Amino acid sequence: MEIHKAIDRQIRKIMSKNKITPELLENRMKAKGFGEEMQNSESEVMKAVLKHYDIELTETWEDGLESYFYEESTNDGYSVFIATNNPNKISINDDVHYYDGDLSDALCEAIRYANSFGSIYIDDLEHNYVMEAMQTTYEVVYDQIETEVINELINEGYDE
């Protein structure tokens with residue numbers, strides 16, 4: 001009876017070595033720059049997203065940047081928000097937003113499709129939509145990398 005218990009313990013020990021555990025997954029995710037605890041730090045989220053896409057956000061206007069996000073005033077004094085790839089050719093239908101909250105999706109898209117080492121101009125990096133876009137993009141990338149890591153572990157012989 002004791003022999004069976006010892007064998008059973010050894011089998012469980014061997015099998016547990018080949019299981020994908022939350023700790024193993026988290027360690028692999030951290031190695032790729034996307035640990036779960038990072039989601040609680042705005043600065044870490046932003047750093048991870050910008051590093052993943054090899055881009056930067058800048059508050060310095062320059063010609064030739066990837067995208068531009070800024071506030072303008074209408075003739076009658078209302079604020080509108082611009083999200084464009086070309087500030088010299090603003091499309092009223094596509095680039096002008098009445099609410100800055102609408103810019104989060106546009107910024108997510110600009111980040112995903114920016115060229116490596118590109119820069120995105122944002123007139124004020126403290127706008128709420130900036131962090132909302134960073135968090136959304138982080139979650140999308142996190143899920144992609146998690147799937148990638150799980151597949152790598154399965155290819156290494158681990159079981160889910």
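Here, each number is a calculation from the coordinates, and none is a lab measurement. Everything numeric in this text was worked out from a predicted model, so none of it was measured. Neighbour counts run over all protein chains shown; Cβ positions are idealised from the backbone, glycine included.
Overview of values
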quantity: Per-residue HN-Hα couplings for segment 130-139 [Karplus 6.51, -1.76, 1.60; θ = phi - 60°; Hz; x = Gly/Pro]; calculated: 5, 5, 4, 5, 4, 5, 4, 5, 4, 5
quantity: Relative contact order computed over the chain (Cα-Cα under 8 Å; 6+ residues apart), in percent; calculated: 31 percent
quantity: C-alpha long axis of helix 42-53 to longest principal axis of the chain, angle in °; calculated: 90 degrees
quantity: With Cα atoms, 0 to 90° folded angle of helix 103-113 axis to the chain main axis; calculated: 70 degrees
quantity: Rounded to 5, percent antiparallel among DSSP beta bridges of the chain; calculated: 50 percent
quantity: Crossing angle, helix 22-31 versus the chain [Cα axis fit, 0-90 degrees, rounded to tens]; calculated: 50 degrees
quantity: Pairwise Lys count, the chain - Cα closer than 26 Å, eight or more residues apart or different chains; calculated: 12
quantity: Theoretical FRET efficiency, 1/(1+(r/R0)^6), r = Cβ-Cβ of S73 and R112, R0 41 Å, to 0.05; calculated: 0.85
quantity: Global geometry of the chain, whether rounded, prolate or oblate, following the gyration tensor of its Cα atoms and the 1.5 cut on a/c; calculated: prolate
